[in-house]
């Protein structure tokens, strides 16, 4: 009985280390990203997937319109927003 437990101990320790090194930080990043996307407001300056910069022009439940140039709006999914920039970054 004790021998089988001792042989399983390294495997259990590997899963514990994997959880604290990889899974838990990833869940934290997902939670932060979800909060950032939910807090978006009209006029926020954002970076969307692909590296495009723009200002949020219109908000919807799943989509938002990002103005990338004067009079040019691109409709993207909310989840495509990678980062919210400080005001005045996009001119």
Filter result (in contact with a helix residue (DSSP H, G or I) (Cβ under 8 Å, 6 or more places away or on another chain) and assigned to a strand (DSSP E or B)) within region 47-67: 48, 63, 64
Complete set of residues in region 1-46 that are within 30 Å of residue 90 (Cβ to Cβ) and outside any helix (DSSP H, G or I): 39, 40, 41, 42, 43, 44, 45, 46
May I ask you to list the residues in region 69-91 that are in contact with a strand residue (DSSP E or B) (Cβ under 9 Å, 6 or more places away or on another chain), closer than 26 Å to residue 30 by Cα and not in a loop (DSSP other than H, G, I, E, B)? 74, 75, 76, 77, 78, 80, 81, 82, 83, 84, 85
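Read-outs throughout are calculated quantities, based only on the coordinates presented, and are distinct from any laboratory measurement. Nothing here was measured: the structure is a model prediction, and the numbers come from that model. Neighbour counts are summed over all protein chains in view; Cβ atoms, including those assigned to glycine, are modelled from backbone coordinates with ideal geometry.
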